[in-house]
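Enquirer: Below is one structure. I have some questions about it.
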Amino acid sequence: VRISLVDQPLQPFHHQTPARIGKVQSIPSFLCTDKSPGEFAWRDPDLPEVIHMLQHQFPSVQANAAAFLQHLCYKDNHVKTEVCRLGGIKHLVDLLDHKVLEVQRYACGALRNLVYGRATDDNKIAVRNAGGVPALLRLLRTTVDTEVRELVTGVLWNLSSCDALKMTIIRDALSSVTNTVIIPHSGWSSTDFHDEHKLKLHSSVVLRNTTGCLRNLSSAGEEARKYMRSCEGLVDSLLYVIKACVSTSDFDSKIVENCICILRNLSYRLELEISPSWLTANQELDGLMGSESPRKEADYSCWGRKRRKKKNLLEEQWDGVGPIPGFSKSPKGAEMLWHPSVVKPYLTLLAESSNPATLEGSAGSLQNLSAGNWKFAAYIRAAVRKEKGLPILVELLRMDNNRVVCSIATALRNMALDVRNKELIGKYAMRDLVNRLPGGNTTQLSDDTVAAICCTLHEVTRRNMENAKALADAGGIEKLVNITKGRGERYSVKVVKAAAQVLNTLWQYRDLRTIYKKVSGSTVGLQLLHIRAVC
C-alpha cells in the first residue's frame with residue numbers, strides 16, 4: 001500500500017475574537033416593595049425585563065439595555081442561551097439599523113459576546129435567521145465610527161466559526177467585506193499609497209477581524225474556495241498585505257498569519273478545481289497536465305499514440321530561468337495563487353517568521369502548490385530551487401513544533417518530484433530527515449508527522465540509488481526497521497506501512513544489499529525481505 005501525503009488543506013480555524021465587556025452604563029433599576037411597609041430597595045432588572053427594554057422608545061434606555069446584556073453574557077453560556085430563547089437576538093439585530101451611534105455600538109457588542117465560543121452555534125444560527133448578516137453589512141458600509149467597524153467585523157469573525165453559516169456568509173458578505181475592508185485596508189488599489197500605511201497594517205483591528213473571518217470561511221470546502229478565488233481583488237489584496245508586511249519586517253502579526261492561512265486553503269486542489277477561464281487565451285486544456293518525467297514525450301488520442309509538439313514539451317520544462325510559459329506578463333486574481341512569483345514571499349516568511357502558525361501556513365502553501373503532475377506545480381518546484389528555498393525548508397525540519405515539521409516534510413516530499421530537487425534533498429537533507437524519525441534523543445512526533453517523513457524518504461530514495469545509500473549511511477534503516485516492529489504497540493498501521501514502503505524501495509537496489517548488511521548487521525537483510533513480503 002503506497003502512503004501519500006501530498007496535498008492537504010488547512011484545518012478549519014475556529015478562533016473567535018475576544019469577548020468584550022465594554023463600557024457598561026447604569027441600567028435603570030426598579031423600585032422593589034417586597035420588604036415591609038415603609039422600606040424600599042432598588043434591584044437590577046431580570047433578563048426578560050432587560051430584553052424588553054431593547055424596544056424602549058428612548059435610545060438611551062435601549063443603549064443601556066444592550067450594554068447590560070453585553071456585560072451579562074460575558075463568559076456565561078447559560079445567559080447567552082436564555083437571551084436567545086427569550087428573543088433578545090432578534091431585537092439586537094433590529095437595533096443595528098438604529099440611527100443613534102451609541103445604540104449601534106452596544107447592540108454590536110452584545111451580539112459579539114452572544115456568538116462568542118464553540119458552544120454558541122444556536123445563537124449564531126439565530127443571528128442568521130434574524131437577518132443579522134445583511135444588517136451587519138449595512139452597518140459596515142454606512143458607519144464611519146472605527147469602534148463600530150471593529151465590533152461588526154468581530155461579530156462576523158465569530159459567526160464564521162459555525163460550519164452551518166460559512167456558505168451563507170460567503171454568498172452574502174464576501175464581496176462586500178472584500179470591497180469595504182480588505183481592498184482599502186490592504187492598500188493594494190490605493191493610488192496615493194505611502195510607506196507609512198504599511199506600518200499601520202499590523203495594528204488594524206478591522207483588517208485582523210476580517211481576515212480572521214475569511215480564514216474560517218476558506219476552510220468550508222470546494223465551493224467556498226471557488227467563490228473566494230473568483231472574488232475580484234481578494235487574492236491580489238491578500239498577497240499585497242503579505243508583501244507589504246515582509247518589506248517592513250512585520251513577519252509575526254495576526255494579520256500575516258490569517259492571510260497566509262487563507263492563501264494556503266485557496267491553493268488546495270488547484271489542479272482539479274480551477275476554471276479554464278483563468279488560464280491565458282493561448283493555453284490549451286490538454287497542456288494543463290505536465291508529464292511525470294521530462295523524458296515522457298508521448299501523448300495518446302482516440303487514434304492511438306502520437307508525438308507532442310516540441311514547443312509544448314519545452315514549455316513544460318521551465319526550470320526557473322527566463323519567461324514563464326502559460327502566464328500573462330502581469331498575473332492577477334486567482335492566477336497569482338500559482339504564479340511562481342508567489343514563492344519568494346512564502347520563503348521569506350519561512351526564513352524570518354517565529355510564528356508557528358505562519359510557518360505552517362507558508363509551508364502548507366508550497367506543499368499544495370507543488371503537489372502532483374500539473375505543469376504549474378513543476379514551475380513552483382523549479383522556482384523554490386531557483387530562490388534557494390530548499391535549505392530554508394531543511395532547516396525548519398529541526399524545529400520543535402510537530403505541525404510545522406509535518407508541513408515541511410510533506411513540502412519536501414513534493415519538491416522531490418523534481419529530479420534536480422531530489423538530488424539536492426538527498427545530498428543535503430537526508431541526515432535531518434533521518435534524525436526526525438523515532439529513536440535516539442529526538443522529540444517525539446505525532447504519527448501523521450512520522451508518516452509524512454517516511455513518505456518523503458520514500459520519494460527521495462525512489463529511482464535514486466545514491467540517496468538510498470545516503471539513507472543507509474545516516475542510520476535510517478535501523479530506525480525504519482524498529483518502526484515496523486512496533487506495529488499496534490508504539491506506532492499506528494499508517495506509520496508502519498509508510499516505513500515498510502521505504503524499506504521495500506531500498507530493497508529494490510540489489511547492489512546495495514551488501515552495504516545494508518554491513519551498516520546494519522547481518523539480520524537486517526532477512527528483516528527487509530520479510531517486510532518486502534508483507535508490503
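The values are calculated or read from the model by the stated rules, or taken from the named source; none is laboratory data. All values derive from a computational prediction rather than experimental measurement. Don't worry about glycine lacking a Cβ; one is built from the backbone with ideal geometry, like all the others, and counts go over all protein chains shown. When the accessible area is computed, the model is the full protein with side chains, heavy atoms only, and any ligands, DNA or RNA have been set aside. Shrake-Rupley method; radii C 1.70, N 1.55, O 1.52, S 1.80 Å.
Enquirer: Anything in region 448-466 that is assigned to a helix (DSSP H, G or I) and open to solvent by 10 Å² or more (accessible area, probe 1.4 Å)? List them, or say none.
Expert: D448, H458, M465, E466
Enquirer: Any residue at all in region 399-415 that's closer than 21 Å to H458 by Cβ and among the acidic types (D, E)?
Expert: no
Enquirer: Something else about it: Would you confirm whether or not region 386-395 contains a residue that is under 24 Å from V434 (Cα atoms), in contact (Cβ under 8 Å) with a residue 24 or more places away in the chain and within 19 Å of the chain's Cα centre (by Cα)?
Expert: yes
Enquirer: Please determine, by comparing only the residues of region 179-216 that are assigned to a helix (DSSP H, G or I) and modelled with pLDDT under 65, which one is surrounded by the most Cβ atoms within 10 Å (Cβ to Cβ). Before the answer, list the steps.
Expert: Of region 179-216, the ones assigned to a helix (DSSP H, G or I) are 179-186, 195-203, 205-216.
From what is left, the residues that are modelled with pLDDT under 65 are 195-202.
Details: D195: 10, E196: 7, H197: 15, K198: 20, L199: 13, K200: 11, L201: 23, H202: 16.
Per the criteria, the residue is L201.
Enquirer: Can you name the residue in region 51-81 that is aromatic (F, W, Y) and over 12 Å from A107 (Cα atoms) and is also most open to solvent (accessible area, probe 1.4 Å) among such residues?
Expert: F58
Enquirer: Assess whether A383 counts as being on the phi < 0 side of the Ramachandran plot and open to solvent by less than 10 Å² (accessible area, probe 1.4 Å). Explain how you work it out, then say what you get.
Expert: On the way: on the phi < 0 side of the Ramachandran plot: yes; open to solvent by less than 10 Å² (accessible area, probe 1.4 Å): yes.
Judged against the criteria, A383 is a match.
Enquirer: Quick one: would you say I477 is over 34 Å from the mean Cα position of the chain (by Cα), buried (at least 17 other Cβ atoms within 10 Å of the Cβ) and in contact (Cβ under 8 Å) with a residue 12 or more places away in the chain?
Expert: Here the answer is yes, as I477 does meet what is asked.
Enquirer: All but one of (1) among the small types (G, A, S); (2) in contact with a His (Cβ under 9 Å, 6 or more places away or on another chain); (3) at pLDDT 50 or above; (4) assigned to a loop (DSSP other than H, G, I, E, B) hold for G22, so report the exception by its number.
Expert: Unmet condition: (3).
Enquirer: Additional query: Consider D145 carefully, then state whether it is among the charged types (D, E, K, R) and open to solvent by 50 Å² or more (accessible area, probe 1.4 Å). Write out each step before concluding.
Expert: Working: among the charged types (D, E, K, R): yes; open to solvent by 50 Å² or more (accessible area, probe 1.4 Å): no.
Answer is no for this residue.
Enquirer: Take G322 and decide whether it is at pLDDT below 95, touching an Asp or Glu at 6+ places or on another chain (Cβ under 9 Å) and at positive phi.
Expert: No, not satisfied.
Enquirer: Considering only residues that are more than 15 Å from V502 (Cα to Cα) and part of a loop (DSSP other than H, G, I, E, B), look in region 412-422 and name the one that is most open to solvent (accessible area, probe 1.4 Å).
Expert: L417
Enquirer: For I425, all conditions in the list (1) over 24 Å from L506 (Cβ atoms); (2) more than 23 Å from the chain's Cα centre (by Cα); (3) open to solvent by less than 20 Å² (accessible area, probe 1.4 Å) hold save one; what is the number of the exception?
Expert: Among (1) over 24 Å from L506 (Cβ atoms); (2) more than 23 Å from the chain's Cα centre (by Cα); (3) open to solvent by less than 20 Å² (accessible area, probe 1.4 Å), the lone unmet condition for I425 is (1).
Enquirer: Turning to a different aspect of this structure: Say we look at region 498-522 and pick out the residues that are open to solvent by 80 Å² or more (accessible area, probe 1.4 Å) and in a helix (DSSP H, G or I); which of these is modelled with the lowest pLDDT? Give the derivation first.
Expert: Filtering region 498-522 down to residues open to solvent by 80 Å² or more (accessible area, probe 1.4 Å) leaves 508, 510-511, 514, 517-518, 522.
Now narrow it down to the ones that are in a helix (DSSP H, G or I): 510-511, 514, 517-518.
Values: R510: 89, D511: 89, T514: 83, K517: 73, K518: 70.
By that ranking, first place goes to K518.
Enquirer: Quick one: in region 84-131, of everything that is small (G, A, S) and crowded, with 24+ Cβ neighbours inside 10 Å, which residue is farthest from A66 (Cα to Cα)?
Expert: Going through the qualifying residues, I end up with G88.
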